[in-house]
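The values are calculated or read from the model by the stated rules, or taken from the named source; none is laboratory data. Given the structure is predicted, the values throughout are model-derived calculations rather than measurements. Virtual Cβ from ideal backbone geometry, glycine too; neighbours counted across all protein chains shown. For the accessible areas, the whole protein counts, side chains as well, though only heavy atoms, and no ligand, DNA or RNA atoms are used. Shrake-Rupley method; radii C 1.70, N 1.55, O 1.52, S 1.80 Å.
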Amino acid sequence: MQATELKRGVYWVGAVDWGVRDFHGYSTPLGSTYNAYLLVDEKVVLFDTVRKGFGSELLAHIRQIIDPTQIDYIVVNHVEMDHTGSLPEIVEAVKPEKIICSANGKKNLLAHFHRDEWPYEVVATGQTISTGRKTIRFIETKMIHWPDSMFSYIEPDALLISQDGFGQHWATSERFDDEVDASELMRQSAKYYANILLPYSVLVQKLLADVKQMGLAIDMIAPDHGLIWRSGPEKIVNAWDEWSRQVARRRAIVVYDTMWHSTELMAKAIADGIRNEGVSVRVMGLDGCHRSDVITELLDAKAVVLGSATLNNGMMPRMADLLAYMKGLRPAGKIGAAFGSYGWGGEAPRLLDAFLAEMKFEIACECLRVNYVPTAEDLQRCVELGEKIGSMVKE
Ligand code: FEO
């Protein structure tokens, strides 16, 4: 790849990871990028680094612009290892005058790398640093999505370097949003939000309000993953506003895991019932759908219907995995219902009911259970359950 100029004297110098397929439980079938940015002014500043193993790629991109030893400051906007794994190697190569980070950033860098001798300089929201013709303004974004996270805003370019904010896991040869398929870009952005930012939605709302109140013009948003938003960055800001308010559409998802296809038959009949009410529905079997894709579909769905066969007095393991993942991400304001086939105990649908209650979802009705293989009457009850859910979604 080539270093790419995004504003005069500001360059993308990151790395493309075509091969990564998992980010702590989030599937990344399209890979990812670790974006780092170089500002060349009277002072030269590197914003963020890259994952361990990609440091030589970062240095090669920097060398296309300047000798890395000319870098004066390294700004660490976020300490997670996909952005700092190569930091020791880069610090060694650059020998920066300052490593600029938030107070939590310093604490977390010390906890990761145990390097007391590094030249930390702690900044807080509102502080600025002049690089000569340009100014960097710092905005802390605690818990979006780590305690150390912050944005760097470059004046007068109106360029927001937003670390994980507004990113996507998508490895591309292109660097800008207007160079790729717009619908795929929003889909990957939604997946990123759903799987990483959803539990912090209240804080996202506050951050968006705070940035609005600061009155910062934003001409371009450069995240640490994926494409740079240069053609109307308000598109992704507005999407984040909607996702963080958990705005639901007239959609439902039916998610199931089945043993001998009985629960699958129930899932399809429930989906038929939902569709009978004119509500869009997506059926997701956990034998083929990854947990992170289920959460992406859940992001703007009004209803989630969970089905599991009973196995050893509990639920199927992939359903248990999904629930553990979903609980941490804290989706809110959904309509829920549970179902499943069983042989003797029949515990799984009841456990799913308990989960829906714990999530404070509006439960459509008590779980629907079928002994072994559903009869035509059983499937009709499934259709009727779907119709009830569909009518609730329409309300
Ligand atoms: Fe891309 Fe939270 O690290």
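The condition of being open to solvent by 50 Å² or more (accessible area, probe 1.4 Å) and within 16 Å of the ligand (Cβ to nearest atom) does not hold for Y192. Just one residue in the set K268, K235 is assigned to a helix (DSSP H, G or I), surrounded by 15 or more Cβ atoms within 10 Å (Cβ to Cβ) and in the same structural domain as Q205 (by TED's automatic domain parsing); that residue is K235. Could we say that D177 is more than 17 Å from the chain's Cα centre (by Cα), away from the ligand (no atom under 16 Å from the Cβ) and either basic (K, R) or crowded, with 23+ Cβ neighbours inside 10 Å (or both) here? When the stated conditions are applied, D177 passes them. Out of segment 149-162, which residues are in contact with a strand residue (DSSP E or B) (Cβ under 7 Å, 6 or more places away or on another chain), within 13 Å of the ligand (Cβ to nearest atom) and assigned to a loop (DSSP other than H, G, I, E, B)? S162, the sole residue that qualifies. Where helices (runs of 4 or more DSSP H) sit wholly within segment 1-109, those with at least 2 residues that are under 27 Å from E140 (Cα atoms), modelled with pLDDT of 95 or more and in contact with a Gly (Cβ under 9 Å, 6 or more places away or on another chain) occupy 55-63, 87-94. Can you say whether R282 is open to solvent by 10 Å² or more (accessible area, probe 1.4 Å), assigned to a helix (DSSP H, G or I) and among the basic types (K, R), as far as the supplied structure shows? So R282 does not fit the description; no.
Yes/no matrix, rows are residues, columns are (1) within 16 Å of the ligand (Cβ to nearest atom); (2) in a loop (DSSP other than H, G, I, E, B); (3) open to solvent by 10 Å² or more (accessible area, probe 1.4 Å):
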position: E117; (1), (2), (3): no, yes, yes
position: A124; (1), (2), (3): no, yes, yes
position: I129; (1), (2), (3): no, no, yes
position: G132; (1), (2), (3): no, yes, yes
position: F138; (1), (2), (3): no, no, no
position: M143; (1), (2), (3): yes, yes, yes
position: W146; (1), (2), (3): yes, yes, yes
position: G165; (1), (2), (3): yes, yes, no
position: W170; (1), (2), (3): yes, yes, yes
